[in-house]
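This report refers to the structure that appears directly beneath it.
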Amino acid sequence: MVIHPKIRGFICTNAHPVGCAAHVQQQIDYVKQQPALTDVPKRVLVIGCSTGYGLATRINAAFGAGAQTLGVCFEKEPTEKKTATAGWYNTAAFHEAAKKEGLYAHTINGDAFSNEIKQEVIEKIKQDLGQVDLVVYSLASPKRKDPVTGDLYSSTLKPVGQAYTTKTYNTDKDEVSEITLEPANDDEIQQTIKVMGGEDWELWLAALHHAGVLAPNAKTTAYTYIGKKLTWPIYGHATIGKAKEDLDRAASAMRTRYTDINLEAYVSSLKALVTQASSAIPVMPLYISLIYKVMKEEGTHEGCIEQTHRLLRDALYAENPVLDEAGRLFMNGWETNDQTQAKIEQLWHQVTQDNFHQLADYAGYHSDFLQLFGFGMAGVDYDADVNPIVTW
Ligand code: NAD
């Protein structure tokens, strides 16, 4: 099969196995060029391990610290006619690279919100690892089925309280325009909290603790985006921000609940980056294109692999990590400091249809977007016939 990108709106509906493998290898190469992550423990569970921040954390733990990694993801496998999702190919490539280095890796593909997958993970930990020292919760999902009631909840990306009119960039039409986002109702807010809030993270830790597979002094972290004034109306103070506030509640509850094993639970505040999850958020492509421009000029631009490398080295396993006012591990200061935000705000006010490609780094955004699906990777022949069937 010859595979070229099929882009529909904010998503690419296919993926390239060789390109995804090259993207994973690029991240592994980065990690190997850094000093080893000597303080990171050796048994790591990553929930949401196949793309974006979760995959990058797994790569850092495995190839930076030599950790055995157990991953959970929800990806579509390939058929003769249809490619797999990118996360499937990424996972296959991760496994191949881990095997070459003699690193233990196991991945369970299924719904992390379900009791069945939690049980499967517990059995696998008992069988292969005994216990885990770190649980990374990096799920981003539009839906969640409640494991007890079977009710299906959907998350929405809407402002809270009042409608919000702002600039946006339509990636399909290459058009800067104004959009008005209507506010969410109470039900939409509550459903978003159900999907993206802390409940499932807590259920995971409760199940792992109950089964005795959390090691003494284990740590857990879930990821959040806090942002600043420009993104608050559509993120921090919006439906997704309400769900993220619930992560703070969950972290604090878990810290007091599992003192018997001295569990440390943190929310980690990360920077805005192009991932499958963030490209679906209205206004984010414009904001991210502008911060890419400013942060590349400032020399502070990072991708998922660099952010999570610093997270493990300078925050999660550091003696005196920088915390924000809510006690989160604070990793997005290079994006949210006043000086950088002032530059972004200035560009935000100036940007129009005519000057968008001069003021913003959309080329950088788009290239990162394509790479998420294994396209636009140097050295990959995209006209070659490739077998879409890849397994691990
Ligand atoms: P992503 O879409 O790249 O990754 C999501 C992961 O979750 C994938 O591995 C996917 O397979 C898995 N997943 C989704 N539903 C699942 C299910 N039901 N069962 C099992 N696995 C499932 O997203 P991302 O941007 O890396 O986001 C990860 C976390 O980081 C999210 O909490 C997100 O809010 C947070 N975050 C993202 C950004 C950003 O700019 N991208 C910034 C800060 C924080």
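Taking amide H positions as modeled 1.01 Å from N, with prolines and chain starts lacking one, the residues under 5 Å from I108 and 5 or more places away or on another chain are G71, V72, C73. DSSP beta bridges confined to the chain are antiparallel in about 30 percent of cases. Rounded to whole numbers, the Karplus 3J(HN,Hα) couplings from phi for region 266-279 are 10, 8, 10, 9, 9, 7, 6, 9, 6, 9, 4, 5, 6, 6 Hz, using 6.51 cos²θ - 1.76 cosθ + 1.60 with θ = phi - 60°, and x at Gly and Pro. Solvent-accessible surface of the chain, taken per residue with a 1.4 Å probe and all protein chains present: 43 Å².
May I ask you to give the percent of accessible area on the chain that is carbon plus sulfur, with a probe radius of 1.4 Å? Taking all protein chains in place, the chain shows 51 percent carbon and sulfur surface. In a reduced charge model with +1 at each Lys and Arg Cβ and -1 at each Asp and Glu Cβ, the chain shows a dipole moment near 400 debye about its Cα centre. At the listed q of 0.16, 0.23 Å⁻¹, the Debye profile of region 66-121, built from one uniform point per Cα, gives log10 I(q)/I(0) equal to -0.55, -0.94. Highest average first, the peptides 55-61, 294-300 ordered by how many other beta carbon atoms sit within 10 Å of their residues are 55-61, 294-300.
From most to least packed by mean Cβ count within 10 Å, the peptides 316-322, 256-262 give 316-322, 256-262. Using R0 = 22 Å, the C-beta based FRET efficiency linking E345 and I11 works out to 0.15.
Within the listed set D133, D200, D186, the Gaussian network model of the chain (springs between alpha-carbon atoms below 10 Å) gives the highest mean-square fluctuation for D186.
Provide Rg over Rh for region 136-260; use the alpha carbon set for both Rg and the Kirkwood Rh (inverse mean inverse pair distance). We get a ratio of 1.06 for region 136-260.
Comparing Y382, V40, S269 along the charge dipole axis of the chain, the residue lying farthest to the positive side is V40, per the Cβ-charge model. For a paramagnetic label modelled at 7 Å from the Cα of Q131 toward its Cβ, which residues of region 236-272 fall within the zone defined by backbone nitrogen distances under 19 Å? In region 236-272, the label zone of Q131 (backbone N under 19 Å from the point 7 Å along Cα→Cβ) covers 254-266. Ordered from largest to smallest accessible area (heavy atoms of protein chains, 1.4 Å probe), the residues H23, H237, H210 come out as H210, H237, H23. The percentage of C-alpha pairs in the chain whose separation is greater than 27 Å is 49%. Using Cβ point charges alone (K and R +1, D and E -1), the dipole size of region 92-148 about the Cα centre works out to roughly 140 debye. Summarised as an ellipsoid, region 247-317 has semi-axes of 31, 16, 8 Å, derived from the eigenvalues of the Cα gyration tensor scaled by 5 and square-rooted, with the largest first. Cross-link partners for K228 among the lysines, with Cα-Cα distance under 20 Å and sequence neighbours closer than 8 places in the same chain left out: K158, K167, K242, K244, K271, K293, K296, K343.
Each label point was placed 7 Å from the Cα along the Cα-to-Cβ direction; for K173 and Q353 their separation is 0.8 nm. Taking every C-alpha pair closer than 8 Å and separated by at least 6 residues, the mean separation divided by the residue count of region 275-392 gives a relative contact order of 34 percent. The mean sequence distance of close C-alpha pairs (under 8 Å, at least 6 residues apart), as a share of the length of the chain, puts its relative contact order at 23 percent. Cross-link partners of K126 among lysines, defined as those whose alpha carbon lies under 28 angstrom from its own and excluding same-chain residues fewer than eight positions apart: K42, K76, K99, K100, K118, K145, K219.
Normalised radius of gyration for region 221-279, please: alpha carbon Rg relative to 2.2 N^0.38 Å, two decimal places. My calculation over the Cα atoms of region 221-279 gives 1.29.
The values are calculated or read from the model by the stated rules, or taken from the named source; none is laboratory data. Quantities reported herein were computed from a predicted structural model and do not represent experimental measurements. Reconstructed Cβ throughout: ideal geometry from the backbone, glycine too, with neighbour counts over all protein chains shown. Note: accessible area is taken over every heavy atom of the protein model, side chains too, but ligands, DNA and RNA are not part of it. Shrake-Rupley method; radii C 1.70, N 1.55, O 1.52, S 1.80 Å.
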